[in-house]
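A.B. asks: One structure coming up, written as structure tokens, with questions to follow.
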Amino acid sequence: MGARRLDEEGSALLSAAVADADTVARRERKIVRVAGSDCRWWTGAISGRGHGRFWFAPDRVIIAHRFGFAQVHGVEALAATEVLGHRCDNPLCQRVHPEHVVASTYVENRREWAIRRALTGSPLGDPRGARRRARELRDLARKDPQLVAADLRRLTRIFGEQLKLW
């Protein structure tokens, strides 16, 4: 969901970090592609809700997709954004794109979550829960991104398809 608002010092540090090629490259090394997925999968540290965590300065951490949003839209746009929503329902996703990570509000984000959680096959209904699912998928992505694709296919078979009645 949301994050603390940036103070003046944090905003200045974040502005410097998104402009710093080494910091950006360090973040990019923690992102992989998975066959069959349009998401950009985070392989670094994970928060309690399953989102990526990225240290952009000493003693300064940000939710990783918020850093990506600041890269694409600017630190001012991030500061003006109440919350970022994952339209792809993947908290590990780092793709700032209208079908993935977008500016939203707490109310809209929660409403979309409630609707999509009930849909058959939604990752929001994964029985592992958001954090455990994120940790397990992140660990698979670290080993081999193809393992993530296999896990996603397996879960679709388990809880994403209507079973035949006879």
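The values are calculated or read from the model by the stated rules, or taken from the named source; none is laboratory data. Worth saying up front: this structure is predicted, and the values here are computed from it rather than measured. All Cβ positions, even for glycine, are placed from backbone atoms using ideal geometry, and neighbour counts span all protein chains on display.
A.B. asks: Of the conditions (1) surrounded by fewer than 20 Cβ atoms within 10 Å (Cβ to Cβ); (2) modelled with pLDDT under 95, residue 34 satisfies every one except a single condition; which number is it?
C.D. replies: (1)
A.B. asks: Can you name every residue in region 4-21 that is part of a loop (DSSP other than H, G, I, E, B) and surrounded by 15 or more Cβ atoms within 10 Å (Cβ to Cβ)?
C.D. replies: First, pick out the residues of region 4-21 that are part of a loop (DSSP other than H, G, I, E, B): 4-7, 20.
Across region 4-21, the qualifying residue is only 6.
A.B. asks: Residue by residue through region 117-134, note down the ones that are surrounded by 15 or more Cβ atoms within 10 Å (Cβ to Cβ), out of contact with any Leu (no Cβ under 7 Å at 6 or more places or on another chain) and outside any loop (DSSP other than H, G, I, E, B).
C.D. replies: Result: 123, 124, 125, 130, 131, 133.
A.B. asks: Name the single residue that is nearest to residue 82 (Cα to Cα) among those in region 96-111 being in a strand (DSSP E or B) and touching a residue at least 24 places away in the same chain (Cβ under 8 Å). Outline the logic, then answer.
C.D. replies: Filtering region 96-111 down to residues in a strand (DSSP E or B) leaves 96, 101-104.
After this cut, where a residue has to be touching a residue at least 24 places away in the same chain (Cβ under 8 Å) as well, the list is 96, 101, 103.
On the way: 96: 16, 101: 13, 103: 7 Å.
Restricting to residues being in a strand (DSSP E or B) and touching a residue at least 24 places away in the same chain (Cβ under 8 Å), the top hit is 103.
A.B. asks: What about residue 114, is it of a type in the set (Gly, Ala, Ser) and either surrounded by fewer than 20 Cβ atoms within 10 Å (Cβ to Cβ) or outside any helix (DSSP H, G or I) (or both)?
C.D. replies: Here the answer is yes, as residue 114 does meet what is asked.
A.B. asks: For the structure I just gave you, tell me whether residue 28 is charged (D, E, K, R), without any contact (Cβ under 8 Å) to a residue 12 or more places away in the chain and closer than 23 Å to residue 135 by Cβ.
C.D. replies: Against the criterion (charged (D, E, K, R), without any contact (Cβ under 8 Å) to a residue 12 or more places away in the chain and closer than 23 Å to residue 135 by Cβ), residue 28 qualifies.
A.B. asks: Return the residue satisfying two criteria in turn: it lies in region 48-67 and is without any contact (Cβ under 8 Å) to a residue 40 or more places away in the chain and not charged (D, E, K, R), and of such residues it is farthest from residue 141 (Cα to Cα).
C.D. replies: Going through the qualifying residues, I end up with 58.
A.B. asks: While we're on this one: From 35, 45, 12, which residue is over 22 Å from residue 83 (Cα atoms) and more than 11 Å from the chain's Cα centre (by Cα)?
C.D. replies: Values: 45 fails: over 22 Å from residue 83 (Cα atoms); 12 fails: over 22 Å from residue 83 (Cα atoms).
One residue alone meets the criteria, 35.
A.B. asks: Of the residues that sit in region 25-55 and are of a type in the set (Phe, Trp, Tyr) and in contact with a Gly (Cβ under 7 Å, 6 or more places away or on another chain), which one is nearest to residue 93 (Cα to Cα)?
C.D. replies: By that ranking, first place goes to 42.
A.B. asks: For region 71-89, name all the residues that are in a strand (DSSP E or B) and either touching a residue at least 60 places away in the same chain (Cβ under 8 Å) or within 17 Å of residue 135 (Cβ to Cβ) (or both).
C.D. replies: 83, 86
A.B. asks: Confirm whether residue 53 is farther than 22 Å from residue 82 by Cβ and either in contact with a strand residue (DSSP E or B) (Cβ under 6 Å, 6 or more places away or on another chain) or surrounded by fewer than 21 Cβ atoms within 10 Å (Cβ to Cβ) (or both). Can you show your working first?
C.D. replies: On the way: farther than 22 Å from residue 82 by Cβ: no; either in contact with a strand residue (DSSP E or B) (Cβ under 6 Å, 6 or more places away or on another chain) or surrounded by fewer than 21 Cβ atoms within 10 Å (Cβ to Cβ) (or both): yes.
No.
A.B. asks: Would you be able to tell me the number of residues in region 22-70 that are closer than 26 Å to residue 124 by Cβ and assigned to a helix (DSSP H, G or I)?
C.D. replies: 8
A.B. asks: Quick check on this structure: which one of 82, 99 is acidic (Asp, Glu) and under 27 Å from residue 141 (Cβ atoms)? Steps first, please.
C.D. replies: Numbers: 82 fails: under 27 Å from residue 141 (Cβ atoms).
Unique residue meeting the criteria: 99.
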